[in-house]
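Worksheet: the structure to be examined is printed underneath.
The values are calculated or read from the model by the stated rules, or taken from the named source; none is laboratory data. Since this is a predicted model, take the numbers as computed values, not measurements. Using ideal geometry, Cβ is built from the backbone for each residue, glycine included, and neighbour counts are taken over all protein chains shown. Each accessible area value is taken on the protein alone, full model and side chains, heavy atoms only, with ligands, DNA and RNA left out. Shrake-Rupley method; radii C 1.70, N 1.55, O 1.52, S 1.80 Å.
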Amino acid sequence: SLVNITQTRIFTVDTANPLVTGALTNSTDGVEASNVSLYVNVTVTDPNTLSVNVSNVTSLSMVQASGSIWQLNTTLGQLGCAADAICQLQFVAIDRAGNENRSVTTTVTVDNTSPKVSLLSPANNTYFASTWVYLNVSANDSIASGTNLNVSLFVNGTWNQSIFATGSLNFTANF
């Protein structure tokens, strides 16, 4: 005797790559040291998202924070961006059908080197007969070249004044 067996199978045909948008970090100016904690976010729109990674030299898995937002708390060093340079982060989203999108990137500049500040004049052990002194200072940053730096003058451990500038700058300190 013949028995008729009916089976039902559910499957999904998915040929669309995940949509990846809104790649960003919590870096306020796009410049960070390689060991500073950094939040990296990306929006992935696909009902079947399987995984999202962010990478430079090293690829790290992101976690689904809420809805379509994927997030990772890491450092640029953990992503392989240790040297002073521009670090390009690439986002890769893969869905359950194996479709992937790796078209979205963002950049952060790695800056592990402190700015250089030098007192150009007056010379050490100079004597003055006035209640003010004219100071010439040089301030530069190799990564943020041309960016104004906060250069502050302290006299006997007490803040006296600050200038936002780069290159050669002048203070007149009153005593």
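Summary table
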item: DSSP-assigned coil residues among chymotrypsin sites (Phe, Trp or Tyr not before Pro) in segment 7-106, each with at most 14 further Cβ atoms within 10 Å; result: Phe11
item: Listed residues Gln64, Gln161, Gln90, most fluctuating in the chain (Gaussian network, C-alpha, under 10 Å); result: Gln161
item: Bins of 10 Å, starting at 0 and running to the largest distance - Cα pair percent for segment 3-89; result: 15, 40, 23, 10, 6, 4, 2, 0
item: Heavy-atom accessible area order for Thr6, Thr126, Thr75, largest first, 1.4 Å probe; result: Thr6, Thr126, Thr75
item: Carbon + sulfur, % of accessible area of the chain - ligands and nucleic acids excluded, 1.4 Å; result: 52
item: Cα-Cα pairs of segment 11-57 separated by more than 14 Å (percent); result: 62
item: Computed over segment 98-153: relative contact order in percent, which uses C-alpha pairs under 8 Å that are six or more apart; result: 35
item: Taking only Cα atoms of the chain, radius of gyration then Dmax in Å; result: 27.3, 120
item: Where the chain is the region considered: accessible area per residue in Å², 1.4 Å probe; result: 63
item: Antiparallel DSSP beta bridges within segment 1-113, percent to nearest 5; result: 95
item: Euclidean distance of C-alpha centroids, segment 1-61 and segment 69-110, integer Å; result: 12
item: Residues in segment 34-73 reached by a label modelled at Leu24 [backbone nitrogen below 17 Å; 7 Å Cα→Cβ]; result: 38-45, 65-73
item: Estimated translational D of segment 41-86 in µm²/s (Stokes, Kirkwood radius over Cα pairs; 25 °C; 0.890 mPa s); result: 212
